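This report refers to the structure that appears directly beneath it.
Values quoted throughout were computed directly from the atomic coordinates according to the rules given, and no laboratory measurement underlies them. Please read these numbers as outputs of a predicted model, since none were measured by experiment. Positions of Cβ are generated from backbone atoms using ideal geometry, with glycine treated the same way; all protein chains shown enter the neighbour counts.
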Amino acid sequence: MQRHYDIVNQRLVEKSDGRCPITVFVNPDENEKKYLVGELKLDEHTLLSALDPDELSRLEFEPEHAAIIFKRPRNYSGAEQFLFKVSSAGGFLFKERLILVVPDDIALFDGMEFTRLYSPAGLILRLISRTIVRFREHLKVISMISDELQDKIYSAMENKQLINMFTLQKSLVYYVNALNSNGALIEKLRNSAAKIGFSAEEIDFLDDILIENGQCYKQADIYANILASLMDARVSIVSNNLNVLIKTLTIITICIMLPTLVVSVFSMNVKIPIDQHPHAFWMIMAMAFASVICVMVFWRFKKW
């Protein structure tokens with residue numbers, strides 16, 4: 001599927017004209033891949049890298065264009081069970097044209113105003129900047145989910161919350177690696193700014209992007225380290241909660257067992273000393289109750 005855009009009055013406008021300077025290919029089919037490789041001379045391996053979620057960010061120069069592969073966060077859905085994934089996207093920057101290749105149909109330009117655009121090269125920088133914003137938003141969501149799971153772990157006695165925590169930790173590892181890879185790409189773009197043809201304003205914007213990506217990377221790394229360092233403590237909390245429950249059940253079992261023993265002894269089909277006493281029933285109940293009190297006093301004395 002293709003979408004075409006043009007820059008009109010420094011704004012990005014979607015059009016139906018295939019001759020527009022900006023074209024987005026969403027999960028291109030075989031015919032579109034043949035067009036990109038055959039007509040536009042895109043490297044086939046680089047094109048497939050833009051669709052590979054495990055590919056690292058990088059910058060490559062071809063005779064007629066520059067190939068930019070960068071990482072971006074995927075849209076989260078509840079079916080993924082707290083697993084936040086990343087995917088790749090490719091930008092193939094020609095002198096007066098930009099080809100974008102993404103593996104899934106996403107609102108690539110929604111949620112942020114793409115204004116003050118002067119060239120397709122500036123658009124690829126805006127996309128990388130927006131990617132950093134998306135990473136930061138997802139990190140806030142991960143932090144909120146982590147706090148909520150932590151509150152549940154304080155009273156949990158099963159592994160469900162721990163498994164969700166491990167999944168969040170795995171997501172943060174993906175994000176840290178993606179942001180680190182994007183950071184290397186941005187530095188290479190900055191060093192190759194003259195070769196690509198960035199304007200002075202775009203170079204200043206590139207410096208800002210480099211700083212923002214570094215801050216986002218540090219934030220993700222801190223979250224990942226906190227989750228990893230406290231995971232053993234959270235496992236201990238769940239184990240301790242289970243031990244407290246077993247202890248409580250043991251106390252209840254013993255407290256029930258002793259009065260049951262007392263009543264059972266007096267219920268045997270033999271002659272007992274107080275069988276003719278008018279208050280024999282209440283005396284037996286008093287002995288059963290006293291046995292419970294004795295167990296509780298002994299338990300507290302031992303500080304069990």
**Message:** Taking the number of other C-beta atoms within 10 Å as the exposure measure, put 239, 119, 77 in order starting with the fewest.
**Reply:** 77, 239, 119
**Request:** Report, in whole Å, the centroid distance computed from the Cα atoms of region 154-226 and region 31-90.
**Result:** 18
**Asked** How much of the DSSP beta bridge set in the chain is antiparallel, as a percent to the nearest 5?
**Response** 85
**Item:** Which of 167, 46, 260 has the fewest Cβ neighbours within 10 Å, and the rest in rising order
**Value:** 260, 167, 46
**Complete:** Given 63-70, 52-59, the highest-first ranking by average Cβ count within 10 Å works out to 63-70, 52-59
**Message:** Give the lysines reachable from residue 95 as a straight Cα distance under 27 Å; neighbours fewer than 8 places away on the same chain don't count.
**Reply:** 15, 33, 34, 41, 71, 188, 195
**Message:** What percentages make up the Cα-Cα pair-distance distribution of region 242-301 when the bins are 10 Å wide from 0?
**Reply:** 21, 42, 24, 11, 3
**Fill in**
Across 293, 246, 132, the residue with the highest GNM fluctuation in the chain (Cα network, 10 Å cutoff) is 293
**Complete:** Given 10 °C, 1.306 mPa s and a Kirkwood radius over Cα pairs, the Stokes-Einstein diffusion coefficient of the chain in µm²/s is 66
**Complete:** Karplus ³J(HN,Hα) for region 176-184 (6.51 cos²θ - 1.76 cosθ + 1.60, θ = phi - 60°; Hz, whole; x = Gly/Pro) runs 4, 5, 5, 5, 5, 5, 5, x, 5
**Item:** Relative exposure of 298, 166, judged by other C-beta atoms within 10 Å (fewest first)
**Value:** 298, 166
**Request:** Using only Cα atoms, find the angle between the long axis of helix 200-266 and the longest principal axis of the chain, and express it within 0 to 90 degrees, rounded to the nearest 10.
**Result:** 10
**Item:** Model label zone, residue 16; criterion: amide N under 16 Å from point 7 Å along Cα-to-beta-carbon; scope region 86-101
**Value:** none
**Prompt:** For helix 280-301, what angle does its Cα long axis make with the longest principal axis of the chain, in degrees from 0 to 90 and rounded to 10?
**Reply:** 50
**Prompt:** Gain in length, residue 1 to residue 118, computed as 0.36 nm per residue apart minus the alpha-carbon separation, to one decimal in nm?
**Reply:** 39.5 nm
